[in-house]
1. Return a yes/no flag: does region 166-176 have any residue that is on the phi < 0 side of the Ramachandran plot, outside any strand (DSSP E or B) and in contact with a Pro (Cβ under 7 Å, 6 or more places away or on another chain).
2. For residue 17, all conditions in the list (1) open to solvent by less than 30 Å² (accessible area, probe 1.4 Å); (2) in contact with a Gly (Cβ under 9 Å, 6 or more places away or on another chain); (3) over 25 Å from residue 165 (Cα atoms) hold save one; what is the number of the exception?
3. Give the residue, chosen from 82, 144, 165, that is of a type in the set (Gly, Ala, Ser), modelled with pLDDT of 95 or more and over 24 Å from residue 9 (Cβ atoms).
4. Do you know which residues across region 181-223 are open to solvent by 50 Å² or more (accessible area, probe 1.4 Å), in a loop (DSSP other than H, G, I, E, B) and in contact (Cβ under 8 Å) with a residue 60 or more places away in the chain?
5. Name the residues in region 155-171 that are touching a residue at least 60 places away in the same chain (Cβ under 8 Å), open to solvent by less than 20 Å² (accessible area, probe 1.4 Å) and touching a Lys or Arg at 6+ places or on another chain (Cβ under 9 Å), would you?
6. Scan region 43-68 residue by residue and report those that are loosely packed, with under 13 Cβ neighbours inside 10 Å and touching a helix residue (DSSP H, G or I) at 6+ places or on another chain (Cβ under 7 Å).
7. Considering only residues that are among the charged types (D, E, K, R) and either outside any loop (DSSP other than H, G, I, E, B) or under 29 Å from residue 54 (Cβ atoms) (or both), look in region 95-140 and name the one that is most open to solvent (accessible area, probe 1.4 Å).
8. Take region 16-54 and flag every residue that is of a type outside the set (A, V, I, L, M) and not in a helix (DSSP H, G or I).
Amino acid sequence: MTGTPAPDGPALLSATATLGGYFAIATDSADEGAHLGALMDAATLTTFTDRTQSAIAASTACDPSRIPRRLAASSFQLNVVSRLISPVLGAAVAGGAVPLFTPESVRWLATEGHSPLFETVDVECASAPTPIRAAELISDSLLSTIVGPLNEALKASASLSDRVSWGNTISAANGAVTVMAMSRPDLEPSGRALVRALLDLGPLRNTGVFDGARFVRHSCCLFYQAPSGGL
């Protein structure tokens, strides 16, 4: 007896894109993006951190020197992880399969802004019939091969701690469910179940907790350090 084959990667991601902008990622694009290893280069990360620092300063009407480097690095990391984990999580919840994002299946495109764009190339999928299985697949692919190396590179280039980086990661996952529920409230329960499953795995273990239906992370994204940043 054979199981149901996993969906075609581009088709799954195309369907997931209907959940919203952060769930959209180019599939098998004609553009020739760079290998993710180049994004982890210290000089490249410094450039994006500088741009993020300037963008936060502009949004808070202050001089860039008043924005701590670690805060800028945290905002950059959260932006990148949100753009990658949203389509993966959305596909798992809405499509029942996980696109296996790895340095071989994801490329990045340089921009003039404070965040790169991403595209997929020959991305494979794996069936995820349960939240636990989906969490395991996300951990073994995206978290282990992309997010983990990015976190280590930002620790080296901007002294961004693991606690903040992985806290940002679980926050991005839960935030993706919140956005998804705006257009598909029927998917929220299974989305939250997937976040709960991620909280039991690897570096995301104990990075947050659910207090009833309310999610609380166990670290801070550091944005309070910006002038008028708030909590």
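The values are calculated or read from the model by the stated rules, or taken from the named source; none is laboratory data. Please read these numbers as outputs of a predicted model, since none were measured by experiment. Cβ sites come from the backbone with ideal geometry, for glycine too, and all protein chains shown count toward neighbours. What goes into the accessible areas is simple: the full protein's heavy atoms, side chains included, and nothing from ligands, DNA or RNA. Shrake-Rupley method; radii C 1.70, N 1.55, O 1.52, S 1.80 Å.
1. Going through region 166-176, the residues on the phi < 0 side of the Ramachandran plot turn out to be 166-176.
Filter again for outside any strand (DSSP E or B), leaving 166-176.
Cutting the leftovers down to in contact with a Pro (Cβ under 7 Å, 6 or more places away or on another chain) gives us 166.
Among the residues of region 166-176, at least one is on the phi < 0 side of the Ramachandran plot, outside any strand (DSSP E or B) and in contact with a Pro (Cβ under 7 Å, 6 or more places away or on another chain), which makes the answer yes.
2. Every listed condition holds for residue 17 apart from (1).
3. After applying the criteria, what remains is 165.
4. The answer is 184, 200.
5. 158, 160, 164, 165, 168
6. Residue satisfying the conditions is 63 alone.
7. 112
8. Restricting attention to region 16-54, the residues satisfying the condition of being of a type outside the set (A, V, I, L, M) are 16, 18, 20-23, 27-29, 31-33, 35, 37, 41, 44, 46-54.
Within region 16-54, 20, 27, 28, 29, 31, 32, 33, 35, 41 meet the criteria.
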